[in-house]
Amino acid sequence: MLFTFKLKDLIKLESILDFFKNLSLYKDSAIHIIRITGIIHLLLDILSIRKKTLQYKSLMTLCNLSNYKENKAFFLANDSYIKGLLPILKSKNIKNIYIVTLLFWIILYNNQKAHAFFKRLNISDKIQDLYSSLCLGK
């Protein structure tokens with residue numbers, strides 16, 4: 001979905017994303033944020049906006065939300081979530097690639113159901129290789 005916004009609207013959206021990003025750092029808030037109908041789809045839709053700061057804040061919010069085991073099941077149950085993030089791994093923005101790789105690694109960590117899900121999509125090994133190379137600075 002391609003969005004067209006006025007500068008004023010982008011500034012408001014950026015402020016809202018800052019609010020959710022900061023709120024998602026706390027466990028209780030993150031669990032409640034995930035219950036907001038359509039929030040995950042909205043954050044994924046924001047990734048299609050070309051403004052890098054909006055993409056970054058949206059990805060960081062998603063990453064923060066995935067940090068809690070209560071939310072991992074939600075992310076794994078939602079196929080569109082994982083599939084919506086996969087194209088970012090092929091982008092040229094190394095910051096976004098790093099965040100998505102970290103996000104996938106968080107979901108994969110200590111979760112057999114996640115390993116099976118990612119293996120079914122044939123991306124588990126790619127995520128581990130990307131994470132290793134990004135952490136080692138290769």
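The values are calculated or read from the model by the stated rules, or taken from the named source; none is laboratory data. Quantities reported herein were computed from a predicted structural model and do not represent experimental measurements. Glycine gets a Cβ as well: all are built from the backbone with ideal geometry, and neighbour counts include every protein chain shown.
Looking only at residues in the range 56-79 that are small (Gly, Ala, Ser) and farther than 23 Å from residue 13 by Cβ, the one that is surrounded by the most Cβ atoms within 10 Å (Cβ to Cβ) is 73.
Just wondering, is there one or more residues in the range 83-93 that are in contact with a Ser or Thr (Cβ under 8 Å, 6 or more places away or on another chain) and closer than 25 Å to residue 37 by Cα?
No, every residue in the range 83-93 fails to be in contact with a Ser or Thr (Cβ under 8 Å, 6 or more places away or on another chain) and closer than 25 Å to residue 37 by Cα.
If I filter the range 104-123 down to residues being of a type in the set (A, V, I, L, M) and touching a Phe, Trp or Tyr at 6+ places or on another chain (Cβ under 9 Å), which single residue comes out as surrounded by the fewest Cβ atoms within 10 Å (Cβ to Cβ)? Checking each candidate, the answer is 123. With the structure loaded, tell me whether residue 82 is more than 30 Å from residue 11 (Cβ to Cβ) and either of a type in the set (Val, Ile, Thr) or touching a residue at least 60 places away in the same chain (Cβ under 8 Å) (or both) or whether it fails that test. When the stated conditions are applied, residue 82 passes them.
Taking (1) surrounded by 15 or more Cβ atoms within 10 Å (Cβ to Cβ); (2) at positive phi in turn, residue 85 satisfies each apart from (2). Can residue 96 be described as surrounded by 15 or more Cβ atoms within 10 Å (Cβ to Cβ) and either at pLDDT 80 or above or not aromatic (Phe, Trp, Tyr) (or both)? Yes.
Scan the range 71-94 and give yes if some residue there is touching a helix residue (DSSP H, G or I) at 6+ places or on another chain (Cβ under 7 Å), among the charged types (D, E, K, R) and either farther than 18 Å from residue 118 by Cβ or part of a helix (DSSP H, G or I) (or both), otherwise no. Looking for residues that are touching a helix residue (DSSP H, G or I) at 6+ places or on another chain (Cβ under 7 Å), among the charged types (D, E, K, R) and either farther than 18 Å from residue 118 by Cβ or part of a helix (DSSP H, G or I) (or both), one finds at least one in the range 71-94, hence yes.
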